[in-house]
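Visitor: Please read through the structure below; I'll follow up with questions.
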Amino acid sequence: MSGRVHQEDHDKLKCLSRILVNTAKDGTGTYLYLLVDSDGHLQVDVLSSALPTDAATETTLSDIDGSLDNIEADADAAATHLANIHNSLDAIEEAVSREDAPHANRDYGICVFAVRKDTAAALAGADGDYIPFITDENGKLWVNPGVEQVGSLATALTDLDQVYDADPTTDVSAVVDADGYRYASLSYEIDVALTPTDILFEVEVSLDGTNYIKLMYDFLGDLRYTDTAVGTGVEETLSFPIACSKIRVRVTCTGTDATNTFTVDNCILYLRN
């Protein structure tokens, strides 16, 4: 093969170095040659046109980038907040124990506060309302052991304070709660008019609050006064041990009528631990 390029080969080489710009539907167009610089780099024209409406620009992209940073910061803050909530829930769970759960070392707990009340008094407005614990001035918790007063209780038996004549000849006091008390004292005053037969005091106790029986302890077996024994008047206090839930006192007179009477006054039942 000689070094001379035939016309046919020359036409092929020209096809390799030019492009056909189609300017018509039938495929006809104008041949345009490719241009390169001295380093063989292809020369091209970069055409630009106006951005479409609402298209992103460098400014809007920067704004978006800033917003993404804010979102990321908010997400980090939310993650921290959720972690704090999780820790708080863990602490609550550790502080709350299930019923019958066994004790373990280093169990968590909740501090219980109390209100100082030197004289015990309700802090709630109505029955069924929540109320805090209360203590005295020494920090001792106020409690109710089942009686009206801690240590002792004095009850006036006003039902017995009256004149016993033809009617009534007998009466019984109101019931007094005796739970928590071990000793009792019964005091009274008796006066007589003319010559009634006698007046009898009986202490009745109950273990169930329903059935009452006479307390038979020493003088209580027959605590009776005749008219002559009363004389110009009797003022006495009698002390005795008790072990019961309820206690009451009964008075029974015999030989009384409209003029022959016994009068009972200042009848008091005193209980103590």
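Visitor: Tally up the residues in the range 203-253 that are hydroxyl-bearing (Ser, Thr, Tyr) and either exposed (fewer than 12 other Cβ atoms within 10 Å of the Cβ) or touching a residue at least 40 places away in the same chain (Cβ under 8 Å) (or both), please.
Guide: Matching residues across the range 203-253 total 8.
Visitor: What number of residues within the range 143-202 satisfy the criterion of being part of a loop (DSSP other than H, G, I, E, B) and of a type outside the set (Val, Ile, Thr)?
Guide: Counting residues in the range 143-202 that are part of a loop (DSSP other than H, G, I, E, B) and of a type outside the set (Val, Ile, Thr) gives 21.
Visitor: Scan (1) exposed (fewer than 10 other Cβ atoms within 10 Å of the Cβ); (2) closer than 28 Å to Ile131 by Cβ; (3) of a type outside the set (A, V, I, L, M) for the single condition Asn105 breaks and write down its number.
Guide: With respect to (1) exposed (fewer than 10 other Cβ atoms within 10 Å of the Cβ); (2) closer than 28 Å to Ile131 by Cβ; (3) of a type outside the set (A, V, I, L, M), Asn105 is out only on (2).
Visitor: List the pairs whose first member sits in the range 105-118 and is at pLDDT 85 or above, whose second member is loosely packed, with under 10 Cβ neighbours inside 10 Å, and whose Cβ atoms are under 7 Å apart, counting only residues at least 6 apart or on separate chains?
Guide: Cβ pairs passing all conditions: Ala114/Leu141; Arg116/Glu137; Asp118/Glu137.
Visitor: Here is a follow-up. Could you go through the range 223-231 and let me know if any residue there is under 50 Å from the mean Cα position of the chain (by Cα) and either among the charged types (D, E, K, R) or farther than 17 Å from Thr170 by Cα (or both).
Guide: No, that holds for no residue.
Visitor: If we keep just the residues of the range 164-194 that are touching a Pro at 6+ places or on another chain (Cβ under 9 Å) and surrounded by fewer than 17 Cβ atoms within 10 Å (Cβ to Cβ), which is modelled with the lowest pLDDT? Don't jump to the end; show me each part of the working.
Guide: Here is the first cut: in the range 164-194, the residues touching a Pro at 6+ places or on another chain (Cβ under 9 Å) are 164-165, 179-180, 182-184.
In the following step, the residues that additionally are surrounded by fewer than 17 Cβ atoms within 10 Å (Cβ to Cβ) were identified as 179-180, 182-183.
Details: Asp179: 89, Gly180: 86, Arg182: 93, Tyr183: 95.
My answer is Gly180.
The values are calculated or read from the model by the stated rules, or taken from the named source; none is laboratory data. The shown structure was predicted, so the numbers you read here are calculated from the model rather than taken from an experiment. Methodologically, a virtual Cβ is constructed for each residue, glycine included, from the backbone with ideal geometry; neighbour enumeration extends over all protein chains shown.
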